[in-house]
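Report on the following structure.
The values are calculated or read from the model by the stated rules, or taken from the named source; none is laboratory data. Given the structure is predicted, the values throughout are model-derived calculations rather than measurements. Cβ: placed from backbone, ideal geometry, glycine included. Neighbour counts: every protein chain shown. Note: accessible area is taken over every heavy atom of the protein model, side chains too, but ligands, DNA and RNA are not part of it. Shrake-Rupley method; radii C 1.70, N 1.55, O 1.52, S 1.80 Å.
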Amino acid sequence: MNLYATLKRLCLISSPSGREGAVREEISSIISPFVDSVSVDSLGNLIALKKSRTEGAKKVMLCAHMDEIGFIVNSIGEDGAVRVGTLGGIRLAAASYTKVISQRGVKGALCANADVQPADYKADTMYIDIGAKNKREAERYVKIGDTFVCEPSLSKLCFSRVCGRPIDDRVGCAVLLELAERLSGVELSFDVYFVFSVQEEVGCRGSKPATFAISPDIAICFDVTATGDTPSAKPMACALGGGAAIKIKDNSVICHEDIVKALCKVAEAEKIPYQREVLTFGGTDTSSMQLTGCGAMAGAISIPMRYVHSGVETCDMKDVAACVSLAEKYLLSL
Ligand SMILES: [Zn+2]
């Protein structure tokens, strides 16, 4: 597979939290030839299993989330303005005055009330203009509870950088798909569960029951992390082009020391570019996998990304390739 082509294929399918069906079908069809079984649990998590021949083998769970941030319609004004709440931590100032598209394919412009300054944008001061003159017209195209997402796109920038959305976390899904292909002919001494989770953006929900059902010994999350390499960014050591980011800590997790050490050791031995990640905000499925059931030894390989949760999420395909190599070599070292 070509990593960029896979990423683009996944980015162009919209799947806000709780509405992951379309991207799940695509991922399911890509991963099926490389694993022994594929199933969907009651929340909608996609679980692909590559079984070991070893009796009583340990279980390794690899997880990336399928959902993306979005909007959900909560009312329609008499003037035809579609009012929405947010699904996940949308940066409204970054998302405003862009095109959005609904689950029914209705296009609109996400705008802010004219008397509100960008720093004060809240969901209830935003609206979607779908071109309707009044409520009756709007109701022909939009229903309460419909979801909207920022229009998907993916473009190449200079060098190996790419820009668009929702790279968070289709890039993690693309890493897992590439990994599944690379491992498909390899005999491993442990079971590998490739989990594509739902509803991460609204509080790491899907990965909890998936982890409970699997009860993994080791759990590794693949998601994006912020960087400190843009003008006036919060101080942070991670940078685009610095390689795979090995998570040590974020706001919701302290990764297991042995996993951090093992990942760093593999990266050094295999000469895979890597950087150590301490994120002072945010969280991912790493924490829910660590804390569900009896708990798991948890860690994360993060893909460095600028402008997280905006319409211009930007990452470096060389970092993405480093994440695949690190995960592959780490699993082969177990
Ligand atoms: Zn994410």
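Would you mention how many residues in segment 67-124 are within 16 Å of the ligand (Cβ to nearest atom) and closer than 16 Å to Glu313 by Cβ?
Initial filter on segment 67-124 (within 16 Å of the ligand (Cβ to nearest atom)): 67-70, 86-91, 94-95.
After this cut, where a residue has to be closer than 16 Å to Glu313 by Cβ as well, the list is 67-70, 88-91, 94-95.
Residues that pass the stated criteria total 10.
Taking segment 293-332 as the search range and keeping residues that are modelled with pLDDT of 95 or more and hydroxyl-bearing (Ser, Thr, Tyr), which one is surrounded by the most Cβ atoms within 10 Å (Cβ to Cβ)?
Ser302
Every residue, every condition in (1) assigned by TED's automatic domain parsing to the domain that holds Ile246; (2) not polar (S, T, N, Q), yes or no:
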residue	(1), (2)
Ser102	no, no
Thr125	no, no
Val142	no, yes
Gly172	yes, yes
Glu181	yes, yes
Ser184	yes, no
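Scanning for something in contact with a strand residue (DSSP E or B) (Cβ under 7 Å, 6 or more places away or on another chain), closer than 21 Å to Gly89 by Cβ, more than 16 Å from the ligand (Cβ to nearest atom) and basic (Lys, Arg), does segment 234-246 turn up at least one residue?
No, the conditions are met nowhere in segment 234-246.
Would you mind telling me which numbered condition in (1) free of Cβ contacts under 8 Å to residues at least 12 places away in the same chain; (2) farther than 25 Å from Ala210 by Cβ Gly311 fails?
(1)
Please indicate, with yes or no, whether at least one residue in segment 217-228 is touching a residue at least 24 places away in the same chain (Cβ under 8 Å) and open to solvent by 50 Å² or more (accessible area, probe 1.4 Å). Lay out the reasoning, then the answer.
We begin by selecting, within segment 217-228, every residue touching a residue at least 24 places away in the same chain (Cβ under 8 Å); these are 217-227.
In the following step, the residues that additionally are open to solvent by 50 Å² or more (accessible area, probe 1.4 Å) were identified as 217.
Yes; the residues of segment 217-228 include at least one that is touching a residue at least 24 places away in the same chain (Cβ under 8 Å) and open to solvent by 50 Å² or more (accessible area, probe 1.4 Å).
Out of the strands (runs of 3 or more DSSP E) lying entirely within segment 93-150, which hold 2 or more residues that are open to solvent by less than 40 Å² (accessible area, probe 1.4 Å), of a type in the set (A, V, I, L, M) and in contact with a Leu (Cβ under 9 Å, 6 or more places away or on another chain)? Full working, then the answer.
Values: elements: 98-102, 107-112, 126-129, 147-150.
Ranges flagged: 107-112, 126-129.
Could we say that Ala48 is open to solvent by 20 Å² or more (accessible area, probe 1.4 Å), touching a residue at least 12 places away in the same chain (Cβ under 8 Å) and on the phi < 0 side of the Ramachandran plot here? Give the derivation first.
Details: open to solvent by 20 Å² or more (accessible area, probe 1.4 Å): no; touching a residue at least 12 places away in the same chain (Cβ under 8 Å): yes; on the phi < 0 side of the Ramachandran plot: yes.
Against the criterion (open to solvent by 20 Å² or more (accessible area, probe 1.4 Å), touching a residue at least 12 places away in the same chain (Cβ under 8 Å) and on the phi < 0 side of the Ramachandran plot), Ala48 does not qualify.
Mind telling me which of the residues Val186, Val202, Val224 ends up being within 15 Å of the ligand (Cβ to nearest atom), at pLDDT below 95 and over 12 Å from Val60 (Cβ atoms)?
Numbers: Val186 fails: within 15 Å of the ligand (Cβ to nearest atom); Val224 fails: at pLDDT below 95.
Criteria check complete, one pass: Val202.
If I filter segment 182-195 for residues that are surrounded by fewer than 24 Cβ atoms within 10 Å (Cβ to Cβ), among the aromatic types (Phe, Trp, Tyr) and closer than 30 Å to Ser333 by Cα, do I get at least one hit?
yes
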